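Everything on this sheet refers to the single structure shown next.
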Amino acid sequence: MPTAITNTIVSSAVKYKVVRFSVCILVVLVMGTLALKSHSQSIAQQPQSDPVEDYLDAIDRVEADYSAYSTELSDLYLGLGRSLLTNEEYQKARQAFQRGMQIERINYGLNSLSQSPYLLSIADTESYMGKWEQSQKALQNLYSINRQAYGADDPRLLPVLNQILNWYLGSYPQRSANGGYTNLVISERIATRIYNIMVKTMPLNDPQAPDSFRRIGHLHYFIANHIRQHGEPSESGFTMSTTGSSNLSSKKTLSHQHFRRGKAALEKVIESTVHQENTSKRDQAVAIAELGDWYLVFGQRTSAAQTYQLAYDIIDKTEAPEQLKSELFDKPKLISFPLVEAESLSTEQEQMEVSLTVTPYGVPKNIQLVDTSADVTEKQLRALRRALGSQRFRPRIQNGDTQEAPHQLFYPVPLPKS
């Protein structure tokens, strides 16, 4: 009996402690919720701080406690400049970036690599003010200090060269045709440096090699396409397309130049793809088919057919050849060599379904809207046919032979004017 009574008392005590503990937990949770709510209300009632003023206050404190050239100040000036950029206070932003860069130079030397983010920010700021030559000077300075630190052919130059290339391609849509061409000329020079460094120092089995070479190939198509659409600048201004033989001759020369350089880059894509550790026949076939596309858009029909045939033959060595042949060659495919950084898609255009026939040479014909009741004028339809008619398609390939085939796709059509 004493044992039973003792057990009952102990059990009751345990239950009491559990209940009391649960109540305490509930009280703590309620109090915490109320405290958080009160804190949130307090924050909501406080005025929002101004990042620019916060940076200026921090700069004043550091200068008072240390010196006007303290190493901590450079980061604060970088943050201040970016906040001023957000406010579109470009002159003040440039001054902040220049001050931060000056502090870096005083502490680490005139050619210190720590200047890099300031030079990139200065290039951005100058471009917002339309001072493209000043942007170019800042980027040239960025390249120069890196080249001096590493040497002209050092692979450690690749990251900064790609940063600069991204900048020129990213700012291309903001420029006129003349200015855009300037961006592309500089981009080509940078790409040539990247290509030469990769050829000399990057192993073909490097995982980044295929995409790096592919990007250079696509850049040459983008440049050639710009020249085809706009012509090229001359000393007296910008020369548009004319019937003059010298202009046509110049275009052909430039087109062939970019054809050769792009082809060399895409051949490196194939070579590096073959050397990848986990490469597949599919990857190789895709790379070879892309080279066939390159030949086709530059009018090299015989070379295109031979290259497509090579890709077709490689597919026969895969585990599911018919499935892959169907994926790559069963129906026409619009050829594109995209540079995402340099292309801007118009939000004022909608995609409409278009039917057409693709010849064995990749040329579209019989271009029609699938929805014949669509609200598109005859003028817009003619513009659509001109735009799509200038494109090239990878043709349908059956048993190694290119064939004419019907095709449908969605393509941007200008909206009717209201």
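The values are calculated or read from the model by the stated rules, or taken from the named source; none is laboratory data. The model shown is predicted, which means the values in this text are computed figures rather than measured ones. Cβ atoms come from the backbone with ideal geometry, glycine included; neighbour counts cover every protein chain shown.
Among the residues of the stretch 354-376, those identified as at pLDDT 95 or above and of a type in the set (Gly, Ala, Ser) are Ser355, Gly362. Asn205 satisfies every condition listed in (1) of a type outside the set (Lys, Arg); (2) at pLDDT 85 or above; (3) touching a helix residue (DSSP H, G or I) at 6+ places or on another chain (Cβ under 7 Å) except (3).
Across the stretch 381-406, the number of residues qualifying as more than 10 Å from Phe329 (Cα to Cα) and basic (Lys, Arg) comes to 4. Among the residues making up the stretch 55-78, those that are small (Gly, Ala, Ser) and either within 19 Å of Ile106 (Cα to Cα) or touching a strand residue (DSSP E or B) at 6+ places or on another chain (Cβ under 9 Å) (or both) are Ala64, Ser67, Ala68, Ser70, Ser74.
Which of the residues that make up the stretch 275-322 are β-branched (Val, Ile, Thr), touching a helix residue (DSSP H, G or I) at 6+ places or on another chain (Cβ under 8 Å) and modelled with pLDDT of 90 or more? Of everything in the stretch 275-322, those that are β-branched (Val, Ile, Thr), touching a helix residue (DSSP H, G or I) at 6+ places or on another chain (Cβ under 8 Å) and modelled with pLDDT of 90 or more turn out to be Thr279, Val286, Ile288, Val297, Thr307, Ile314, Ile315.
Pairing residues of the stretch 84-99 that are closer than 7 Å to Thr125 by Cβ with residues that are small (Gly, Ala, Ser) and part of a helix (DSSP H, G or I), at Cβ distances under 7 Å and at least 6 apart in sequence or on separate chains, gives Leu85/Ala93; Ala93/Gly81; Phe97/Gly81; Phe97/Ser121.
All of (1) at pLDDT 95 or above; (2) in a helix (DSSP H, G or I); (3) farther than 30 Å from Thr125 by Cβ hold for Ala224 with one exception: (1).
Considering the stretch 377-402, and only residues there that are within 29 Å of Arg301 (Cα to Cα) and in a loop (DSSP other than H, G, I, E, B), the residue that is modelled with the lowest pLDDT turns out to be Gly400.
Yes or no, residue by residue, for (1) out of contact with any Ser or Thr (no Cβ under 9 Å at 6 or more places or on another chain); (2) in a loop (DSSP other than H, G, I, E, B); (3) among the small types (Gly, Ala, Ser):
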{"residue": "Gln134", "(1), (2), (3)": "no, no, no"}
{"residue": "Gln140", "(1), (2), (3)": "yes, no, no"}
{"residue": "Asn146", "(1), (2), (3)": "no, no, no"}
{"residue": "Asp153", "(1), (2), (3)": "no, yes, no"}
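Considering the stretch 247-335, the qualifying helices (runs of 4 or more DSSP H), each wholly inside and each with 2 or more residues that are touching a Lys or Arg at 6+ places or on another chain (Cβ under 6 Å) and either within 18 Å of Tyr361 (Cα to Cα) or outside the structural domain of Arg394 (by TED's automatic domain parsing) (or both), run over 281-297, 301-315. Val354 meets the stated requirement of being in contact (Cβ under 8 Å) with a residue 40 or more places away in the chain and aliphatic (A, V, I, L, M). Taking the listed residues Ser176, Ser144, Ser187, the one that is at pLDDT below 95 and not acidic (Asp, Glu) is Ser176, with no other qualifying.
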